[in-house]
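Some notes on the structure that comes next.
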Protein chains: 2
Amino acid sequence: MKTRQVYLVDDDAAIRDALAWLLRSRGIDSRAWSTAESFLADYNSAMSGCLILDIRMVGMTGAELYDQLLALGCAMPTIFLTGHGDVPLAVKTLKRGAFDFIEKPFNDNELVDRILAALQQEENQRGLDASRTQIEERLATLTEREQEVMACILAGKLNKVIADELQIAMRTVEVHRAHVFEKMKVRSAVELAQLMSAYRAGKPRQ
Amino acid sequence: MKTRQVYLVDDDAAIRDALAWLLRSRGIDSRAWSTAESFLADYNSAMSGCLILDIRMVGMTGAELYDQLLALGCAMPTIFLTGHGDVPLAVKTLKRGAFDFIEKPFNDNELVDRILAALQQEENQRGLDASRTQIEERLATLTEREQEVMACILAGKLNKVIADELQIAMRTVEVHRAHVFEKMKVRSAVELAQLMSAYRAGKPRQ
DNA sequence: GCCGCCATTGTGGATTTCCACAGCCCCTTT
DNA sequence: AAAGGGGCTGTGGAAATCCACAATGGCGGC
C-alpha cells in the first residue's frame with residue numbers, strides 16, 4: 001500500500017528545501033521538482049497525496065500545470081503558493097477546483113494545517129472513488145434485460161406492472177429481479193434504491 | 001410572486017448608476033444602496049435574487065457585510081467587485097461561498113453573464129430549499145413510533161424483524177408503516193428510500 | 001365525561017414477492 | 001456436438017405485505 005506524499009513544485013530551491021524540511025519535521029513524506037515540465041513528465045495516476053505548486057514559474061506556470069493535470073484526470077488537492085496579488089488568476093484557479101491559495105511568505109503552521117486537510121480530503125475522495133468503481137463494476141455485469149427490470153424496480157413498480165410493460169411473464173420479472181439483487185449485492189429494493197441514489201449523487205465528476 | 005432582483009451595494013455613485021443602467025438595458029430589475037450598513041438595515045429573507053457588493057467601502061466593507069448576511073442565513077449568490085489585488089481576501093471570501101470576484105473595470109457582458117448565472121443558481125437553490133422544507137414538514141408529522149419504524153424500513157428490515165426488535169405485533173408494524181407512507185406521501189419503501197437519500201444528500205447547509 | 005390522538009392487537013382474506021424444480025429456444029464459443 | 005449464457009415460462013407452495021373491520025387502553029384538552 002503506497003504512502004501519501006506531498007509533491008512540491010517550485011523553481012525556487014530555497015522554498016523547496018524549506019518546505020521539504022518543514023514537512024519532514026512533521027513526519028510528512030515529500031518529493032520536490034524544480035519545474036512544472038519535469039513534474040508533468042513524472043506524473044502518473046498512482047501518485048497519492050497532494051500538490052504544492054508555485055503559481056508562477058519559469059517555463060510552464062503552476063496554473064498551466066494544474067490545467068494539464070486536470071486534463072489528465074488528476075484529483076489530488078492542490079495548494080498554490082503565490083507571491084503576487086493576482087486576484088483574477090486566484091479566482092479562476094479556485095473556481096477550477098484548487099484546494100487553496102497561500103501567499104508567501106507563509107506561516108508554517110497554517111501551511112501544514114492546510115496540507116493535512118488536503119491529505120485528508122484526498123483520502124476521503126479515494127474512498128469515494130473506490131466505492132464508485134465497485135458499483136460501476138457491478139452495474140457492468142448486468143444484462144440489458146436486467147438493467148431494464150432494475151430501472152422499473154427503482155421506479156417503484158410492482159412486478160406485474162413491469163411484466164405488462166416489458167411484455168413478459170411475472171415469473172421472468174422475478175428471475176431478472178433476483179439476478180439484479182445478486183449482481184448488485186443487495187438484499188432488498190430499498191437497499192438497491194439507496195445504493196443507486198448515493199451513486200448518482202456522487203456522479204458529477206468530470 | 002415576487003420578482004428576482006439584483007441588489008447593488010457600492011459607495012461609488014458612478015458605479016451604481018452604470019450598473020443600474022446596464023441591468024435595465026438587459027431587462028434585469030435592480031435596486032442600489034450606497035453603504036453596507038443601509039443595505040443590512042433593509043435586508044430581509046424574502047429578498048430574492050443576487051448581490052453585487054463592492055469589496056471595499058467606507059464604513060462596513062463588502063466582505064464584512066457578506067459575513068453578516070451569512071450569519072443571517074442569506075443564501076443569495078454574491079458577486080464581489082474589487083479594484084485591488086488582495087488575494088487572501090478573495091480566497092477567503094470565495095471559500096466562504098462567494099459566487100464570484102470581478103475586478104474593476106469590468107466587461108459588461110462578462111458581468112451580466114455572471115449575474116444571470118447567479119440568478120439561475122439562486123432559483124435552483126430556492127427550488128431545492130422548498131423541497132427540503134416540504135420533506136421536513138412531512139417528517140415533523142411523524143410520531144416517535146412511526147419514526148422508529150421508518151428507520152427500520154430504511155434499514156431494509158422485514159416487518160417481522162421490526163416487530164421482534166420493537167417488541168410489538170407484526171400487525172402494529174404494518175399500521176405504523178402505512179402511516180409513515182401516508183404522511184411522507186410515498187407509495188413504496190423504494191420511493192421512501194429515494195426521498196430520504198435525496199434529503200440527506202442535500203443536508204449540509206449550515 | 002367526551003373527544004381526539006396514539007399505541008397496540010386480532011381476524012380474515014387478498015395480493016405480492018420469492019424461489020425450488022423443471023423445461024424450452026437461440027446464439028456463441030470451444 | 002457439447003457447453004455456457006441469456007431470455008423466457010410454468011407449477012406449486014411458502015413467506016411477506018397490505019388492509020378492512022373491529023376492539024382496548026392511556027393520556028391530554030375542552
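The values are calculated or read from the model by the stated rules, or taken from the named source; none is laboratory data. Because the structure is predicted, anything quoted here is derived from the model rather than measured. Virtual Cβ from ideal backbone geometry, glycine too; neighbours counted across all protein chains shown. The accessibility values were calculated without ligands, DNA or RNA, using every heavy atom of the protein model including side chains. Shrake-Rupley method; radii C 1.70, N 1.55, O 1.52, S 1.80 Å.
How do the pairs read when you match residues in the stretch A:193-206 that are at pLDDT 85 or above with residues anywhere that are loosely packed, with under 13 Cβ neighbours inside 10 Å, using Cβ under 9 Å and keeping only pairs 6 or more apart or on different chains?
A:LEU195/A:LYS185; A:TYR199/A:GLU136
(1) within 15 Å of DNA strand D (Cβ to nearest atom); (2) closer than 30 Å to B:LEU70 by Cα: which one isn't true of B:ALA118, the others all being true?
Going through (1) within 15 Å of DNA strand D (Cβ to nearest atom); (2) closer than 30 Å to B:LEU70 by Cα one by one, B:ALA118 breaks only (1).
Within the stretch B:68-165, which helices (runs of 4 or more DSSP H) (wholly inside it) include 2 or more residues that are within 13 Å of another protein chain (Cβ to nearest Cβ) and more than 25 Å from A:LEU192 (Cβ to Cβ)?
Per the criteria, B:87-95, B:108-140.
Let me confirm something: among B:ILE162, B:ILE168, B:ILE135, B:ILE153, which residue is under 28 Å from A:ARG187 (Cα atoms), in contact (Cβ under 8 Å) with a residue 60 or more places away in the chain and out of contact with any Asp or Glu (no Cβ under 7 Å at 6 or more places or on another chain)? Steps first, answer last, please.
Values: B:ILE162 fails: in contact (Cβ under 8 Å) with a residue 60 or more places away in the chain; B:ILE168 fails: in contact (Cβ under 8 Å) with a residue 60 or more places away in the chain; B:ILE153 fails: in contact (Cβ under 8 Å) with a residue 60 or more places away in the chain.
Residue meeting the stated conditions: B:ILE135.
For residues in the stretch A:180-197 being part of a helix (DSSP H, G or I) and of a type in the set (Val, Ile, Thr), which is farthest from the other protein chains (Cβ to nearest Cβ)?
So the residue we want is A:VAL180.
Can you spot a residue in the stretch A:27-42 that is assigned to a loop (DSSP other than H, G, I, E, B), within 14 Å of another protein chain (Cβ to nearest Cβ) and open to solvent by 60 Å² or more (accessible area, probe 1.4 Å)?
Filtering the stretch A:27-42 for residues assigned to a loop (DSSP other than H, G, I, E, B) gives A:27-29, A:34-35.
Among the residues that remain, those that are also within 14 Å of another protein chain (Cβ to nearest Cβ) are: none.
For the stretch A:27-42, residues assigned to a loop (DSSP other than H, G, I, E, B), within 14 Å of another protein chain (Cβ to nearest Cβ) and open to solvent by 60 Å² or more (accessible area, probe 1.4 Å): absent.
For the stretch A:54-70, check the following and say yes or no: at least one residue is open to solvent by less than 10 Å² (accessible area, probe 1.4 Å), within 23 Å of B:THR93 (Cα to Cα) and among the hydrophobic types (A, V, I, L, M, F, W, C).
Yes - at least one qualifying residue is present in the stretch A:54-70.
I'd like the full set of residues that are closer than 23 Å to A:MET47 by Cβ and in contact with a helix residue (DSSP H, G or I) (Cβ under 6 Å, 6 or more places away or on another chain), limited to the stretch A:120-163.
None - no residue of the stretch A:120-163 is closer than 23 Å to A:MET47 by Cβ and in contact with a helix residue (DSSP H, G or I) (Cβ under 6 Å, 6 or more places away or on another chain), so the list stays empty.
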